[in-house]
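S.K.: This is the structure, below, for whatever I ask next.
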Amino acid sequence: MRILSRVGAVCAVASAAFLVAPVAHATPPGDNGTVKIHDATTGEELRKNEPHVCTFYLDAFGFDAVQEVDWHIEAWAPTADVKGETVKSGEITLDTDGHGRTEDLSLPDGHYKLFWNFEGENGAAKHKVFWTDCADEEGGGGTATPTASASGTPGSGESASPSADPSDSAAAGASPSASSSPSASASAQGSTGDLAETGNGAPVGLLSGVSAALLAAGAYLVVRRRRA
């Protein structure tokens with residue numbers, strides 16, 4: 001039993017050693033950091049890359065303490081006249097936390113690639129591709145005045161002219177109604193004149209009264225005869 005327990009302990013120690021060994025070599029000293037492109041207005045604590053900038057700086061963190069770095073930036077396709085031409089370079093010593101930033105940098109509008117070299121790097125240098133574009137930021141608000149002036153003056157002139165026309169048309173429409181009134185009054189006068197001419201009907205009234213009396217008398221006689 002003792003032999004089996006000793007063999008088990010040795011196996012446990014050996015397996016633990018094999019598990020810990022890869023972890024120890026997974027992040028070798030000197031090659032465990034990263035570098036980002038930051039706009040000049042971005043804080044150093046924001047650990048993200050910004051590939052479209054105007055004025056910018058290089059921000060590195062997670063490297064070894066007091067690590068020395070050489071960097072350079074090359075012009076890159078499709079905007080580079082000569083691809084791979086170094087357009088800016090420098091060096092920096094990181095702080096005790098493995099963090100550091102360059103001063104603010106600027107380049108003509110175009111496409112570029114950063115190469116970040118340091119002691120203890122594993123393989124190729126760290127790199128970042130980015131664009132600089134300052135034209136949009138400088139000319140962002142220049143189109144406000146033409147739209148304001150274009151919408152100002154025509155509106156008042158156009159709204160004034162239609163308002164005058166309806167009043168004129170109303171005045172013009174009033175005159176035909178006024179001209180039609182004399183014809184109406186004339187027709188009224190004509191009708192009353194005709195009635196005055198034909199209204200002399202006194203003999204007609206007498207004749208109708210006499211005829212009605214005769215019809216009544218005849219009817220009375222007929223009824224009386226039937227009763228007799």
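The values are calculated or read from the model by the stated rules, or taken from the named source; none is laboratory data. All of these numbers come straight from a predicted model, not from anything done at the bench. Counting neighbours? That spans all protein chains shown, and the Cβs are built from the backbone with ideal geometry, glycine included. Each accessible area value is taken on the protein alone, full model and side chains, heavy atoms only, with ligands, DNA and RNA left out. Shrake-Rupley method; radii C 1.70, N 1.55, O 1.52, S 1.80 Å.
S.K.: Which members of region 25-43 meet the condition of being part of a loop (DSSP other than H, G, I, E, B) and either within 20 Å of residue 127 (Cβ to Cβ) or at pLDDT below 90 (or both)?
M.R.: 27, 28, 29, 30, 31, 32, 33, 42
S.K.: For residues that are open to solvent by less than 80 Å² (accessible area, probe 1.4 Å), without any contact (Cβ under 8 Å) to a residue 60 or more places away in the chain and not charged (D, E, K, R), scanning just region 39-61, find the one that is nearest to residue 132 (Cα to Cα). If you could, list the steps in order and put the result at the bottom.
M.R.: Of region 39-61, the ones open to solvent by less than 80 Å² (accessible area, probe 1.4 Å) are 39-40, 42-44, 46, 49-51, 53-61.
Checking the rest, the ones that are also without any contact (Cβ under 8 Å) to a residue 60 or more places away in the chain come to 39, 42-44, 46, 57-61.
Checking which are not charged (D, E, K, R) leaves us with 42-43, 46, 57-58, 60-61.
Values: 42: 15, 43: 18, 46: 20, 57: 12, 58: 13, 60: 19, 61: 23 Å.
Ranking the qualifying residues of region 39-61, first place goes to 57.
S.K.: Considering region 125-149 alone, what residues qualify as being part of a loop (DSSP other than H, G, I, E, B) and at pLDDT 80 or above?
M.R.: 125, 133, 134 - these are the residues of region 125-149 that are part of a loop (DSSP other than H, G, I, E, B) and at pLDDT 80 or above.
S.K.: Between a first residue in region 79-101 that is farther than 21 Å from residue 133 by Cβ and a second residue that is of a type in the set (Asp, Glu) and part of a loop (DSSP other than H, G, I, E, B), which pairs have beta carbons less than 9 Å apart while being 6 or more apart in sequence or on different chains?
M.R.: Correct list of pairs: 90/103; 94/64; 98/64; 99/44; 101/44.
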